[in-house]
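Structure record follows, encoded as structure tokens.
The values are calculated or read from the model by the stated rules, or taken from the named source; none is laboratory data. Remember, it's a predicted structure, so these values are computed and weren't measured experimentally. Positions of Cβ are generated from backbone atoms using ideal geometry, with glycine treated the same way; all protein chains shown enter the neighbour counts. In case anyone asks, the SASA skips ligands and DNA or RNA and just uses the protein heavy atoms, side chains included. Shrake-Rupley method; radii C 1.70, N 1.55, O 1.52, S 1.80 Å.
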Amino acid sequence: MYEPGYIALYHSGELERRAEALETRLGACYICPRECGVNRLTGEEGFCHSALLPVVSAVCAHHGEEPVISGNKGSGTVFLGNCNMRCVYCQNYQISQDWTGQKSREMDCHTLAERMLYLQDELECHNINFVSPSHFVPQLVRAVVEAVSMGLRLPIVYNTNGYDSIESLRELEGIISIYLPDLRYASDKWAEEFSQAPDYVAHARAAIQEMYRQVGDLVVDDAGLAQQGLIVRHLILPNRLAGSDDSLTWLVREVSPTVTVSIMAQYFPAHRAGQIPSLSRQITQSEYSEVIELIDRLGLENGWLQEAGAAENYLPDFTRQSHPFDSTIDYIK
Ligand code: SF4
């Protein structure tokens, strides 16, 4: 049976050392590429509007991730509040862009560890899936330290926008089993205009290379569940704004031709995108077909292609008490 690396790191004392090293960095925060330099230990907040305690916006079994992540019992998903990006089309904007409202969702690391055990023992999820973790890396490692002592043994998924710092990622080696980063843009101009991340491309590409160095190609078990590896998500944007050709060509050449890719066609002009002409519509059939042809041309064989259409069905609603997603949908085909 697969044993996540964090268990050996816990017993050797290395997991505690990593947590302490990361917590020290909160004193002049450079947890993510923004390098705000604020003292989060004393409650200061930088670009992500997050201080010392993790903001936990929702905890649930998620059935709409890639099949190797969701399996039949669901992915044990922990939605972190706030974000280190400002995507104008963010479908999670209710929790990512409302830092005042999310204050009430702050949770100490011990309670978060208990929630992880709930996902493992009561909901019987296949993994722990941290969504938007980049600005809370120290707190999440601390929660893992606590959770291991309570019996956590599930693989951990790091489900990120890709705007991660190499230094933080290095501290996660052996702790994270499955990296699930977005590769959102190939142009810093669009990354700045639509996500306020003017240096996104270089950081996301370096982060993906570091993730691949740590975990390599996707490995699944006999039941078809992910044990370890990298899955890169690419959301097709209208008007070629995601730079699909550039990004996927880069992946094949600079990461690996065998990399696993999840192509997402669910773009919907959520949040403020309806007021931005180039982002105010869903993708067209020809934009979708263009990416399918690209995948063929590049010889990318590992991964999933989300079917076009029904984008509204994929939108979460974090005001729903029980579950932000309609649990009947299965959005990765
Ligand atoms: S984690 Fe937040 S405070 Fe720290 S560098 Fe990134 S945006 Fe700034």
Is there a residue in region 114-124 that is surrounded by 19 or more Cβ atoms within 10 Å (Cβ to Cβ) and within 16 Å of the ligand (Cβ to nearest atom)? no
Please determine, by comparing only the residues of region 16-53 that are part of a loop (DSSP other than H, G, I, E, B) and small (G, A, S), which one is farthest from the ligand (Cβ to nearest atom). G43
When R184 is run through (1) under 21 Å from I128 (Cβ atoms); (2) open to solvent by 10 Å² or more (accessible area, probe 1.4 Å); (3) in a loop (DSSP other than H, G, I, E, B), the failure sits at (1)
What are the pairs, 6+ residues apart or on separate chains, where a residue within region 80-93 that is within 12 Å of H271 (Cβ to Cβ) and within 11 Å of the ligand (Cβ to nearest atom) has its Cβ under 7 Å from a residue that is hydroxyl-bearing (S, T, Y) and open to solvent by 10 Å² or more (accessible area, probe 1.4 Å)? C83/S132
I'd like to verify a number: residues in region 70-107 that are touching a strand residue (DSSP E or B) at 6+ places or on another chain (Cβ under 8 Å) and of a type in the set (D, E), how many? 1
For region 127-172, what are the residues that are open to solvent by 10 Å² or more (accessible area, probe 1.4 Å), away from the ligand (no atom under 14 Å from the Cβ) and in a loop (DSSP other than H, G, I, E, B)? G151, R153, L154, P155
